[in-house]
Amino acid sequence: MSSNAQRIIAVIGATGQQGGSVVRAVQARGEFRVRALTRNPAAHEGLADEVAEADLDRPATLRAAFDGAYGVFVVTNFWEAGGDDEITQATAAIRAAKDAGVRHFVWSTLPNVEAISGGRFTVPHFTNKAAVDALVGAAAFEHYTFVIAPFFYQNLLGNMAPQKQRDGSIGWTLPIDPDVRGIHMGDITELGNIVAGAFAQPDLVGHGEYLPLVGDLLSFNDIVATLNNQGHDYAFNRVPASVFATFFPGAGELAEMFGYFEQHTYLGAPSEDRIASANRVAGKAATPFASWARTNMAATSRPELS
């Protein structure tokens, strides 16, 4: 049995997409016990080896949630927390983990859009996470690692699913050049493989390394072509950012995000080495979009859109 077998990994957001992926992946490796953290543990009995209460908005719950844990995975939700509250939540988690004696802290971050773009683009749901990186480093954990979630493939089944357009076509209307290959994408259920690998290999990636999950780097025309080659009939319409920003509350920030993707790519810099390192730690390459789409967006199962 591994010497890690009785060590505990505490997972914030265990019922969400990222945290849930971490719970499953750490359990699958069998090298650690998993403590799933949720605001309502009674509703999630059996989710992991242990289930405990933790609420990022109530810092007093975090110290006990992290007590005795070797490692902690933390992710925050900008859209739920809102603005600077996300940084406040992360700061509370860092402080509680430090007080509890956690040795390995894994933070789910994103690129600093404002720094990368020289202030041209403002995307708080990226940059707020990036602002926490320095706080993690300054906390002087024995080991710490940054993982970077991609543009989820799953977005194309959810808030960015293809919709009926004004011209009668089905697809996407977005403020981005569809020929620009700038979107680092991935299956978010695979993020846990990287996190679990990082906890198991702290000497390799426990010194502030950045590990992005990337299955593909695509343009929107690539996405459309891939899906249409699999039997769909989707289209893409480009719209000015100023027009897109009027479509719904929050659209302005997404317009800025797509402008950033077009000019700098999702990750903001050449990242081949980091992607290779993430795949190595995970023990396998991330799934390409075409493979994921064939299973999850099969044309025969596509609902009719009205």
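Specify the angular offset, from 0 to 90 degrees and rounded to the nearest 10, of the alpha carbon long axis of helix 251-264 from the longest principal axis of the alpha carbons in the chain. The angle comes out near 90 degrees. If R0 is taken as 41 Å, the Cβ-Cβ distance between GLU50 and ASP167 corresponds to a FRET efficiency of 0.15.
Its relative contact order, with pairs defined as Cα atoms under 8 Å and 6+ residues apart, puts the chain at 17 percent. Each Lys and Arg Cβ is given +1 and each Asp and Glu Cβ -1; about its Cα centre, the stretch 38-128 then shows a dipole of about 340 debye. Toward the positive end of the charge dipole of the chain, with +1 on the Cβ of Lys and Arg and -1 on the Cβ of Asp and Glu, the farthest Cα among PHE248, LEU227, GLY101 is that of GLY101. At a Förster radius of 41 Å, what calculated FRET efficiency corresponds to the Cβ-Cβ distance of ALA138 and ARG294, to the nearest 0.05? That pair, ALA138 with ARG294, gives E of 0.40. If I take all pairs of Cα atoms in the stretch 129-273, what percentage of them are more than 18 Å from each other? Across the stretch 129-273, Cα pairs with separations above 18 Å total 64 percent.
Nearest 0.05, what FRET efficiency do LYS284 and THR122 give at R0 = 35 Å with Cβ-Cβ as r? Working from the Cβ atoms, E equals 0.45. Taking a straight Cα-Cα cut-off under 24 Å and skipping sequence neighbours fewer than 8 places away in the same chain, the lysines within cross-link reach of LYS129 are LYS98. Footprinting exposure proxy ranking of GLU80, GLU272, fewest other C-beta atoms within 10 angstrom first, gives GLU272, GLU80. Entry for the chain at q = 0.06, 0.08, 0.13, 0.16 Å⁻¹: log10 I(q)/I(0) = -0.20, -0.36, -0.94, -1.32, Debye formula applied to identical alpha-carbon scatterers, no solvent contribution. Computed about the Cα centre, the dipole magnitude for the chain is approximately 420 debye when only Lys and Arg (+1) and Asp and Glu (-1) carry charge, each at its Cβ.
Taking other C-beta atoms within 10 Å as the exposure proxy, LEU62, LEU217 rank LEU217, LEU62 from fewest upward. Applying D = kT/(6 pi eta Rh) to the stretch 140-185, where Rh is the Kirkwood radius over alpha-carbon pairs, T corresponds to 25 °C and eta to 0.890 mPa s, the Stokes-Einstein value obtained is 180 µm²/s. Put a dot 7 Å past the Cα of ASP67, heading toward its Cβ, do the same for ASN159, and the two dots end up 3.6 nm apart.
Where a number appears in this text, it was derived from the coordinates with a stated rule and is not lab data. From a predicted model like this one, the values you see are computed outputs, not experimental measurements. FYI the Cβ positions are ideal-geometry reconstructions off the backbone, even for glycines, and counts take in every protein chain you see.
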